[in-house]
Amino acid sequence: MGRTLGALALLQATLPVDSVVTAAALLRRRRAEPAPAAQRRTVLVSGGKMSKSLVLARAFHAAGHRVVLVESGRYRLTAHRFSRAVDAFRVVPHETDPAYAAALVEVARSEGADVYVPVCSPASSIADADVRADLEAVGCEVVHLGPADLRMVDDKASFAEAAVAAGLAVPDSYRITDPQQVLDLDLAGRPRPYILKSIPYDPVRRLDLTLLPRPTRAETEAFVRSLPISPEQPWILQEFVEGTEYCTHGTVRDGRLQMHVCCRSSAWQLTYDHVDHPGIRAWVETFVAAQGEGFTGQVSLDFIEDADGVVRAIECNPRTHSAITLLDGHPGLAAAYLEDAPAGAPALEPVGARPTYWTYHELYLGLRHPRSLPGRLRTLRGGRDAVFDAADPVPFWWLHHVHVPALLLGNLVRLRPWLKIDLNIGKLVEPAGD
């Protein structure tokens, strides 16, 4: 309770400053008219609480399209619904609700949606793939992988197999459905250690990098048998490669990479800076091309580059990556999603873009760890906030003074614990959350 009240107090302490900044931006703002689109379309964007949905809404609006933002009831106070880029906001059931698909189709029908771009969580990516055929039946194109493609890349083991089939490098991997499979392997004789990762998304154990084998066989067995491994909940045993880690976002249409962002990565990343890495871009282009026509959607891949310069893909997350914030304001962003690029055109990249961050996250960490404050301030000077836009300032104000406080109060009333405030995805990270 004390932690929640403290967070509320810190957020509201800055209310006067943010109110002045927002008011000044509104008074000075010159309302620029959206560019005239050759074909004005209505674009349905989900994940309304997330910063990346705001980036896409602004891009589609600037290109002259109409934007309908959707989110579940818990996040109906999302800051982004008040963006000037959003023409309509609709509440739909949570993706685990059996009524989710029908509700989304009804929104698409009633709003006359031409395109659906899901900005989904790990838990909702499959639901959005499964509703693809129903949306296309009412004339709404879907920029999201179909059910079979999505399940293939979302499964760490089958993704590794597909990459190997395309002639691409991945760490040595095994699908594990029984702890005994791990114990039957002679891991001690391998040149590198291995780690176990849940194939279904596991928010609690996803950062566990326990190296195998353990010092003794008994310790290895105790660790492996402590995990919920079963045919219904398979895991992947993967070679642990040391090196530089990268995360990427790719927007793909019919097996062609239309947009590519690459950044160095970390466990709790909330700053992004584009890195031009031809080897990684070539890996992604080769992989998506190998999947053929019909492979359309968003793929975010994690890579490791070892000391010899060999690039290996670790896994693929078939959804929008927050690194897309680096393309906020880019005039080509909307087209990368909605139009087929001319033959031979390179993928859109945020070359020269300023790094993005979330101001309050940087300031909080600087105050919590004073020695890091000079570096945090350098980050603030050298980059730009991922949410704040002088031409569209209300979402920034609402995020910090209504959206997040409302979530904190809701958890306080229900006595629900939380691990951290994630300003990027507009939610409280909770134990066993999505």
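In the range 121-131, the residue that is nearest to G48 (Cα to Cα) out of those that are crowded, with 22+ Cβ neighbours inside 10 Å and modelled with pLDDT of 95 or more is D128. Between R354, R378, the distinction of being part of a helix (DSSP H, G or I) and open to solvent by 60 Å² or more (accessible area, probe 1.4 Å) belongs to R378 only.
When residues in the range 241-250 are screened for being out of contact with any His (no Cβ under 8 Å at 6 or more places or on another chain) and under 16 Å from I324 (Cβ atoms), 0 of them pass. For the range 72-81, the criterion of being farther than 20 Å from P331 by Cβ and in a strand (DSSP E or B) is satisfied by at least one residue. Within the range 192-227, the set of residues being open to solvent by less than 60 Å² (accessible area, probe 1.4 Å), in contact (Cβ under 8 Å) with a residue 40 or more places away in the chain and of a type in the set (S, T, Y) comprises Y194 only. Residue count for the range 245-268 under the criterion of being in contact (Cβ under 8 Å) with a residue 40 or more places away in the chain, of a type outside the set (A, V, I, L, M, F, W, C) and farther than 15 Å from H144 by Cα: the result is 4. For the range 296-316, the count of residues that are among the hydrophobic types (A, V, I, L, M, F, W, C), farther than 20 Å from V153 by Cβ and touching a Gly at 6+ places or on another chain (Cβ under 9 Å) is at least one.
For every residue, the table says whether it meets (1) of a type outside the set (A, V, I, L, M); (2) in contact with a strand residue (DSSP E or B) (Cβ under 8 Å, 6 or more places away or on another chain).
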| site | (1), (2) |
| --- | --- |
| L56 | no, yes |
| G64 | yes, no |
| V68 | no, yes |
| R74 | yes, no |
| R81 | yes, yes |
| V92 | no, yes |
| T96 | yes, no |
| A102 | no, no |
| E111 | yes, yes |
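Among the residues of the range 310-349, those that are surrounded by fewer than 21 Cβ atoms within 10 Å (Cβ to Cβ), in contact with a strand residue (DSSP E or B) (Cβ under 6 Å, 6 or more places away or on another chain) and acidic (D, E) comprise D340, E349.
The values are calculated or read from the model by the stated rules, or taken from the named source; none is laboratory data. Please read all numbers here as calculations on a predicted model, not as lab measurements. Neighbour counts run over all protein chains shown; Cβ positions are idealised from the backbone, glycine included. Just the protein is used for accessible areas: all its heavy atoms, side chains included, with ligands, DNA and RNA removed. Shrake-Rupley method; radii C 1.70, N 1.55, O 1.52, S 1.80 Å.
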